[in-house]
1. Over all distinct alpha-carbon pairs, what is the Kirkwood Rh of the chain in angstrom?
2. Roughly how many Å² is the accessible area per residue of the range 9-60, as a whole number, for a 1.4 Å probe?
3. What do you get for trypsin sites (Lys or Arg not before Pro) in the range 218-301 restricted to DSSP loop and a cutoff of at most 10 other Cβ within 10 Å of the site's Cβ?
4. Under a 1.4 Å probe, what is the accessible area of the range 101-256 per residue, stated in Å²?
5. Between A278, A50, A136, find the one with the highest GNM mean-square fluctuation for the chain; connect C-alpha pairs within less than 10 Å.
6. Within the accessible area of the chain, what % is carbon and sulfur when the probe is 1.4 Å and the other protein chains stay in place?
7. Where does the longest stretch of the chain lie that holds no GluC sites (Glu not before Pro) found in a DSSP loop with 14 or fewer other Cβ atoms within 10 Å?
8. Can you give the direction-averaged projected area of the convex hull of the alpha-carbon atoms in the range 99-184, in nm²?
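The values are calculated or read from the model by the stated rules, or taken from the named source; none is laboratory data. Predicted model only: the values in this text are computed from it and were never measured. Cβ sites come from the backbone with ideal geometry, for glycine too, and all protein chains shown count toward neighbours. Side chains are part of the model used for accessible areas, which takes the heavy atoms of the whole protein and leaves out ligands, DNA and RNA. Shrake-Rupley method; radii C 1.70, N 1.55, O 1.52, S 1.80 Å.
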Amino acid sequence: MGRLITINYNNKPLYNISIEHDFNKLPAVLEGVGSKERKLCIVTDSSVGAIYLDTVMDIARGCAKDVIPFIFEAGEKSKNLGTIEDLYEKLIIAHFDRNDILVALGGGVTGDMAGYAAATYLRGIRVVQIPSSLVAMVDSSIGGKTGVDFKGYKNMVGAFHQPSAVYMNVSMLSTLTDAQYYSGFGEVAKHGFIRDDAYSSYIAKNLEGIRRRSPLILEEIVAGSCNIKRAVVENDPEEKGERAILNFGHTLGHAIEKLMDFTMLHGECVSAGMAAAAYISMKRGMINENGYNSICRTLKDLNLPVCVNGLNAEDILSVSKSDKKMDAGKIKFILLNGTGNAVICNDVTDSEMLEALDTILK
Ligand code: GLY
(Lines give C-alpha, C1' and ligand atoms only; values in the text may rest on other atoms or scores of the structure.)
Protein backbone atom coordinates (compact mmCIF):
# COMPACT_ATOMS: atom_id res chain seq x y z
CA MET A 1 0.00 0.00 0.00
CA GLY A 2 1.09 3.57 -0.59
CA ARG A 3 2.25 5.40 -3.70
CA LEU A 4 4.91 7.90 -4.61
CA ILE A 5 4.30 10.27 -7.53
CA THR A 6 7.07 12.62 -8.62
CA ILE A 7 6.29 15.97 -10.20
CA ASN A 8 8.97 16.97 -12.69
CA TYR A 9 9.63 20.43 -14.10
CA ASN A 10 11.93 20.79 -17.10
CA ASN A 11 12.39 17.01 -16.94
CA LYS A 12 13.90 17.20 -13.45
CA PRO A 13 12.20 15.91 -10.29
CA LEU A 14 10.83 18.87 -8.31
CA TYR A 15 8.84 17.27 -5.47
CA ASN A 16 7.16 14.05 -4.43
CA ILE A 17 3.56 13.32 -3.57
CA SER A 18 3.32 10.53 -0.97
CA ILE A 19 -0.07 8.82 -0.85
CA GLU A 20 -0.36 6.86 2.41
CA HIS A 21 -2.97 5.51 4.82
CA ASP A 22 -1.43 6.95 8.01
CA PHE A 23 1.25 9.41 9.15
CA ASN A 24 4.02 6.79 9.57
CA LYS A 25 6.14 8.13 6.72
CA LEU A 26 5.63 11.83 7.54
CA PRO A 27 8.85 12.11 9.63
CA ALA A 28 10.91 10.82 6.70
CA VAL A 29 9.18 13.27 4.33
CA LEU A 30 9.79 16.26 6.68
CA GLU A 31 13.40 15.25 7.26
CA GLY A 32 13.77 14.77 3.51
CA VAL A 33 13.15 18.51 3.05
CA GLY A 34 15.70 19.32 5.74
CA SER A 35 13.39 19.94 8.72
CA LYS A 36 15.90 18.77 11.40
CA GLU A 37 17.73 22.08 11.83
CA ARG A 38 14.71 24.25 10.99
CA LYS A 39 11.62 25.78 12.56
CA LEU A 40 8.24 24.60 11.30
CA CYS A 41 4.95 26.47 11.46
CA ILE A 42 1.91 24.21 11.11
CA VAL A 43 -0.87 26.26 9.46
CA THR A 44 -4.31 24.82 10.02
CA ASP A 45 -7.92 25.86 10.56
CA SER A 46 -10.10 25.45 13.65
CA SER A 47 -11.90 22.34 12.28
CA VAL A 48 -8.98 20.32 10.91
CA GLY A 49 -6.75 21.50 13.76
CA ALA A 50 -9.22 20.14 16.33
CA ILE A 51 -8.78 16.63 14.88
CA TYR A 52 -5.21 16.43 13.57
CA LEU A 53 -3.05 19.27 14.95
CA ASP A 54 -1.81 17.48 18.08
CA THR A 55 -0.79 14.38 16.10
CA VAL A 56 1.04 16.38 13.44
CA MET A 57 2.68 18.69 16.03
CA ASP A 58 3.98 15.62 17.93
CA ILE A 59 5.41 14.11 14.74
CA ALA A 60 6.91 17.45 13.66
CA ARG A 61 8.53 18.08 17.08
CA GLY A 62 10.47 14.85 16.61
CA CYS A 63 12.00 16.11 13.37
CA ALA A 64 12.51 19.89 13.71
CA LYS A 65 14.30 22.41 15.93
CA ASP A 66 11.07 24.15 16.92
CA VAL A 67 7.40 23.82 15.91
CA ILE A 68 4.67 26.45 16.28
CA PRO A 69 1.00 26.30 15.24
CA PHE A 70 -0.99 28.97 13.39
CA ILE A 71 -4.74 28.33 13.63
CA PHE A 72 -7.37 30.42 11.81
CA GLU A 73 -11.16 30.17 11.80
CA ALA A 74 -12.34 27.49 9.36
CA GLY A 75 -14.11 28.64 6.21
CA GLU A 76 -13.68 30.46 2.91
CA LYS A 77 -14.37 33.77 4.72
CA SER A 78 -10.90 33.49 6.31
CA LYS A 79 -9.20 33.20 2.93
CA ASN A 80 -8.06 36.81 2.74
CA LEU A 81 -5.05 39.08 3.14
CA GLY A 82 -5.99 39.78 6.78
CA THR A 83 -5.31 36.14 7.73
CA ILE A 84 -2.06 36.23 5.73
CA GLU A 85 -0.98 39.35 7.70
CA ASP A 86 -1.68 37.52 10.98
CA LEU A 87 0.48 34.65 9.78
CA TYR A 88 3.34 36.96 8.72
CA GLU A 89 3.21 38.53 12.18
CA LYS A 90 3.39 35.15 13.88
CA LEU A 91 6.40 34.17 11.74
CA ILE A 92 8.19 37.47 12.44
CA ILE A 93 7.63 37.18 16.20
CA ALA A 94 8.95 33.58 16.11
CA HIS A 95 12.02 34.77 14.09
CA PHE A 96 11.32 32.53 11.10
CA ASP A 97 14.09 32.94 8.55
CA ARG A 98 14.36 32.03 4.89
CA ASN A 99 15.30 28.42 5.62
CA ASP A 100 12.34 27.71 7.91
CA ILE A 101 9.29 25.88 6.63
CA LEU A 102 5.50 26.19 6.62
CA VAL A 103 3.37 23.06 6.81
CA ALA A 104 -0.17 23.41 5.44
CA LEU A 105 -2.42 20.98 7.33
CA GLY A 106 -5.92 21.20 5.91
CA GLY A 107 -8.14 21.66 2.90
CA GLY A 108 -7.89 23.98 -0.09
CA VAL A 109 -8.27 27.21 1.89
CA THR A 110 -5.39 26.27 4.21
CA GLY A 111 -3.14 25.01 1.42
CA ASP A 112 -3.73 28.05 -0.79
CA MET A 113 -3.13 30.50 2.07
CA ALA A 114 -0.08 28.75 3.55
CA GLY A 115 1.29 28.46 0.01
CA TYR A 116 0.76 32.19 -0.61
CA ALA A 117 2.36 33.14 2.71
CA ALA A 118 5.29 30.86 1.84
CA ALA A 119 5.56 32.45 -1.63
CA THR A 120 5.78 35.97 -0.20
CA TYR A 121 7.29 35.83 3.32
CA LEU A 122 10.93 36.95 3.00
CA ARG A 123 10.42 36.64 -0.80
CA GLY A 124 9.76 32.92 -0.50
CA ILE A 125 10.20 30.09 1.97
CA ARG A 126 9.38 26.40 1.65
CA VAL A 127 5.97 24.83 2.20
CA VAL A 128 5.00 21.19 2.74
CA GLN A 129 1.38 20.39 1.96
CA ILE A 130 -0.60 17.88 4.07
CA PRO A 131 -4.03 18.06 2.38
CA SER A 132 -6.91 16.80 4.51
CA SER A 133 -9.83 17.13 2.06
CA LEU A 134 -10.41 15.33 -1.22
CA VAL A 135 -10.44 18.64 -3.16
CA ALA A 136 -7.04 19.47 -1.70
CA MET A 137 -5.61 15.98 -2.35
CA VAL A 138 -6.67 15.73 -5.98
CA ASP A 139 -6.32 19.37 -6.94
CA SER A 140 -5.21 22.31 -4.84
CA SER A 141 -2.22 20.86 -2.98
CA ILE A 142 -0.39 20.03 -6.22
CA GLY A 143 0.76 22.27 -9.03
CA GLY A 144 1.79 25.30 -6.98
CA LYS A 145 -1.22 27.60 -7.36
CA THR A 146 -1.50 29.65 -4.16
CA GLY A 147 -3.58 32.66 -3.23
CA VAL A 148 -6.43 34.32 -1.41
CA ASP A 149 -9.83 35.72 -2.29
CA PHE A 150 -10.11 39.48 -2.62
CA LYS A 151 -13.37 41.36 -2.00
CA GLY A 152 -15.30 38.16 -2.73
CA TYR A 153 -13.43 37.40 -5.98
CA LYS A 154 -12.06 33.90 -5.74
CA ASN A 155 -8.26 33.44 -5.74
CA MET A 156 -7.85 36.92 -7.20
CA VAL A 157 -4.48 37.56 -5.51
CA GLY A 158 -1.86 34.85 -5.63
CA ALA A 159 1.40 33.41 -6.88
CA PHE A 160 2.81 30.21 -8.29
CA HIS A 161 4.90 28.61 -5.56
CA GLN A 162 5.62 24.89 -5.76
CA PRO A 163 5.52 22.83 -2.55
CA SER A 164 8.67 21.04 -1.37
CA ALA A 165 6.65 17.88 -0.66
CA VAL A 166 3.03 16.77 -0.48
CA TYR A 167 1.93 14.15 2.06
CA MET A 168 -1.53 12.64 1.64
CA ASN A 169 -2.97 10.40 4.34
CA VAL A 170 -6.15 9.08 2.73
CA SER A 171 -7.49 7.94 6.13
CA MET A 172 -8.12 11.68 6.77
CA LEU A 173 -10.96 11.45 4.24
CA SER A 174 -12.95 9.39 6.76
CA THR A 175 -13.54 12.48 8.96
CA LEU A 176 -15.01 14.64 6.16
CA THR A 177 -18.74 15.38 6.19
CA ASP A 178 -20.64 13.81 3.28
CA ALA A 179 -20.96 17.23 1.63
CA GLN A 180 -17.20 17.92 1.85
CA TYR A 181 -16.38 14.40 0.67
CA TYR A 182 -18.62 14.49 -2.41
CA SER A 183 -17.55 18.06 -3.20
CA GLY A 184 -14.07 16.59 -3.80
CA PHE A 185 -15.56 14.33 -6.44
CA GLY A 186 -16.32 17.44 -8.51
CA GLU A 187 -12.58 17.73 -9.18
CA VAL A 188 -12.18 13.95 -9.47
CA ALA A 189 -14.93 13.73 -12.11
CA LYS A 190 -13.43 16.76 -13.88
CA HIS A 191 -10.13 14.92 -14.36
CA GLY A 192 -11.92 12.08 -16.14
CA PHE A 193 -14.04 14.43 -18.29
CA ILE A 194 -11.06 16.50 -19.47
CA ARG A 195 -8.43 13.82 -19.98
CA ASP A 196 -9.26 10.23 -19.32
CA ASP A 197 -12.36 8.18 -20.21
CA ALA A 198 -10.84 5.09 -18.52
CA TYR A 199 -10.61 7.03 -15.24
CA SER A 200 -14.28 8.10 -15.66
CA SER A 201 -15.22 4.42 -16.18
CA TYR A 202 -13.28 3.42 -13.05
CA ILE A 203 -15.30 5.97 -11.05
CA ALA A 204 -18.61 4.77 -12.55
CA LYS A 205 -17.75 1.13 -11.71
CA ASN A 206 -16.73 1.87 -8.13
CA LEU A 207 -19.60 3.96 -6.83
CA GLU A 208 -20.33 1.51 -4.03
CA GLY A 209 -16.69 1.61 -2.81
CA ILE A 210 -16.75 5.39 -3.09
CA ARG A 211 -19.90 5.52 -0.92
CA ARG A 212 -18.33 3.39 1.80
CA ARG A 213 -15.06 5.37 1.50
CA SER A 214 -13.00 2.25 0.80
CA PRO A 215 -9.34 3.17 1.54
CA LEU A 216 -8.02 1.17 -1.42
CA ILE A 217 -10.46 2.69 -3.87
CA LEU A 218 -9.70 6.16 -2.50
CA GLU A 219 -5.97 5.49 -2.90
CA GLU A 220 -6.59 4.51 -6.53
CA ILE A 221 -8.77 7.57 -7.17
CA VAL A 222 -6.38 10.03 -5.50
CA ALA A 223 -3.41 8.53 -7.38
CA GLY A 224 -5.36 8.57 -10.66
CA SER A 225 -6.30 12.24 -10.28
CA CYS A 226 -2.78 13.23 -9.18
CA ASN A 227 -1.35 11.54 -12.27
CA ILE A 228 -3.78 13.30 -14.61
CA LYS A 229 -3.02 16.66 -13.00
CA ARG A 230 0.73 15.84 -12.98
CA ALA A 231 0.74 15.31 -16.74
CA VAL A 232 -0.99 18.66 -17.31
CA VAL A 233 1.07 20.81 -14.91
CA GLU A 234 4.39 19.29 -15.96
CA ASN A 235 3.74 20.51 -19.52
CA ASP A 236 2.50 23.94 -18.48
CA PRO A 237 3.40 24.79 -14.86
CA GLU A 238 2.27 28.44 -14.97
CA GLU A 239 -0.87 28.14 -17.10
CA LYS A 240 0.46 29.74 -20.25
CA GLY A 241 -1.72 27.36 -22.26
CA GLU A 242 -2.84 23.76 -21.71
CA ARG A 243 -3.11 23.97 -17.89
CA ALA A 244 -6.26 26.06 -18.38
CA ILE A 245 -8.13 22.83 -19.19
CA LEU A 246 -8.08 22.14 -15.44
CA ASN A 247 -10.53 25.05 -15.20
CA PHE A 248 -13.29 23.02 -16.89
CA GLY A 249 -16.52 24.00 -15.11
CA HIS A 250 -14.75 26.71 -13.11
CA THR A 251 -15.59 29.80 -15.21
CA LEU A 252 -19.29 29.60 -14.36
CA GLY A 253 -18.58 27.57 -11.18
CA HIS A 254 -16.55 30.36 -9.54
CA ALA A 255 -19.25 32.91 -10.41
CA ILE A 256 -21.89 30.65 -8.82
CA GLU A 257 -19.68 30.23 -5.74
CA LYS A 258 -19.36 34.01 -5.35
CA LEU A 259 -23.06 34.72 -5.99
CA MET A 260 -24.06 32.03 -3.48
CA ASP A 261 -21.76 33.82 -1.01
CA PHE A 262 -19.77 30.59 -0.56
CA THR A 263 -22.77 28.76 0.95
CA MET A 264 -22.33 26.07 -1.75
CA LEU A 265 -19.09 24.07 -1.68
CA HIS A 266 -16.49 24.52 -4.43
CA GLY A 267 -17.00 21.08 -5.99
CA GLU A 268 -20.78 21.58 -6.03
CA CYS A 269 -20.44 24.88 -7.93
CA VAL A 270 -17.89 23.34 -10.32
CA SER A 271 -20.30 20.44 -10.89
CA ALA A 272 -23.06 22.81 -12.04
CA GLY A 273 -20.47 24.72 -14.11
CA MET A 274 -19.35 21.46 -15.77
CA ALA A 275 -22.94 20.53 -16.62
CA ALA A 276 -23.34 23.95 -18.32
CA ALA A 277 -19.99 23.65 -20.16
CA ALA A 278 -20.90 20.12 -21.29
CA TYR A 279 -24.22 21.50 -22.61
CA ILE A 280 -22.41 24.11 -24.73
CA SER A 281 -20.07 21.37 -25.99
CA MET A 282 -23.12 19.29 -27.00
CA LYS A 283 -24.88 22.23 -28.68
CA ARG A 284 -21.72 22.85 -30.73
CA GLY A 285 -21.67 19.18 -31.78
CA MET A 286 -18.38 18.59 -29.97
CA ILE A 287 -19.87 15.83 -27.79
CA ASN A 288 -23.02 13.86 -28.52
CA GLU A 289 -26.16 13.63 -26.41
CA ASN A 290 -25.00 10.35 -24.85
CA GLY A 291 -21.74 11.99 -23.78
CA TYR A 292 -23.63 14.92 -22.25
CA ASN A 293 -26.11 12.63 -20.45
CA SER A 294 -23.31 10.46 -19.15
CA ILE A 295 -21.51 13.51 -17.68
CA CYS A 296 -24.70 14.64 -15.91
CA ARG A 297 -25.37 11.09 -14.67
CA THR A 298 -21.82 10.74 -13.28
CA LEU A 299 -22.22 14.01 -11.38
CA LYS A 300 -25.60 12.96 -9.96
CA ASP A 301 -24.21 9.52 -9.01
CA LEU A 302 -21.55 11.36 -7.03
CA ASN A 303 -24.24 13.31 -5.12
CA LEU A 304 -23.26 16.49 -6.98
CA PRO A 305 -25.75 19.09 -8.22
CA VAL A 306 -26.29 19.80 -11.91
CA CYS A 307 -28.76 22.59 -11.02
CA VAL A 308 -28.59 25.67 -8.81
CA ASN A 309 -31.42 27.47 -6.97
CA GLY A 310 -32.09 31.17 -6.68
CA LEU A 311 -29.64 32.77 -9.14
CA ASN A 312 -30.19 34.37 -12.50
CA ALA A 313 -28.21 33.75 -15.67
CA GLU A 314 -27.28 37.41 -16.35
CA ASP A 315 -25.71 37.80 -12.90
CA ILE A 316 -23.64 34.63 -13.34
CA LEU A 317 -22.46 35.78 -16.76
CA SER A 318 -21.52 39.22 -15.48
CA VAL A 319 -19.55 37.84 -12.50
CA SER A 320 -17.81 35.32 -14.81
CA LYS A 321 -16.40 38.25 -16.73
CA SER A 322 -14.65 39.57 -13.62
CA ASP A 323 -13.00 36.21 -12.98
CA LYS A 324 -9.33 35.83 -13.81
CA LYS A 325 -9.91 33.36 -16.65
CA MET A 326 -9.97 36.16 -19.21
CA ASP A 327 -7.77 36.65 -22.23
CA ALA A 328 -7.82 40.13 -23.85
CA GLY A 329 -11.37 40.74 -22.68
CA LYS A 330 -12.68 37.33 -23.78
CA ILE A 331 -13.60 34.51 -21.41
CA LYS A 332 -11.19 31.57 -21.74
CA PHE A 333 -13.86 28.87 -21.71
CA ILE A 334 -13.09 25.16 -21.48
CA LEU A 335 -15.23 22.84 -23.60
CA LEU A 336 -15.08 19.14 -24.41
CA ASN A 337 -14.19 18.03 -27.91
CA GLY A 338 -15.21 14.45 -27.22
CA THR A 339 -15.42 13.10 -23.68
CA GLY A 340 -11.97 12.83 -22.12
CA ASN A 341 -10.65 15.65 -24.32
CA ALA A 342 -10.90 19.25 -23.12
CA VAL A 343 -10.07 22.24 -25.31
CA ILE A 344 -9.72 25.97 -24.67
CA CYS A 345 -12.22 28.20 -26.55
CA ASN A 346 -12.09 32.00 -26.64
CA ASP A 347 -15.20 32.37 -28.79
CA VAL A 348 -18.04 31.17 -26.55
CA THR A 349 -20.73 33.80 -26.90
CA ASP A 350 -22.88 35.37 -24.20
CA SER A 351 -25.97 33.79 -25.73
CA GLU A 352 -24.41 30.29 -25.63
CA MET A 353 -23.56 30.82 -21.97
CA LEU A 354 -27.01 32.21 -21.14
CA GLU A 355 -28.71 29.25 -22.87
CA ALA A 356 -26.49 26.80 -20.97
CA LEU A 357 -27.13 28.61 -17.69
CA ASP A 358 -30.88 28.28 -18.26
CA THR A 359 -30.42 24.49 -18.20
CA ILE A 360 -28.80 24.56 -14.76
CA LEU A 361 -30.97 27.20 -13.05
CA LYS A 362 -34.11 26.09 -11.25
N1 GLY B 1 -7.07 23.99 -10.02
C2 GLY B 1 -6.62 24.18 -11.33
C3 GLY B 1 -5.13 24.24 -11.46
O4 GLY B 1 -4.43 23.88 -10.54
O5 GLY B 1 -4.65 24.66 -12.47
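1. On the way: mean 1/r = 0.0487 Å⁻¹.
The Cα-based Kirkwood calculation yields 20.5 Å.
2. On the way: 2510 Å² over 52 residues.
Per residue, the range 9-60 has an accessible area of 48 Å².
3. Details: sites: K229, R230, K240, R243, K258, K283, R284, R297, K300; in loops: K240, R284.
Taking the range 218-301 and a limit of 10 other Cβ atoms within 10 Å, the loop trypsin sites (Lys or Arg not before Pro) found are K240.
4. Working: 4610 Å² over 156 residues.
So the range 101-256 comes to 30 Å² accessible per residue, rounded to a whole number.
5. A50
6. Numbers: 7080 of 14570 Å².
Answer for the chain is 49 percent, counting heavy atoms of protein chains only.
7. Details: sites that count: E37, E73, E238.
Answer - 74-237.
8. Details: hull surface 22.6 nm².
Projected area, direction-averaged: 5.7 nm².
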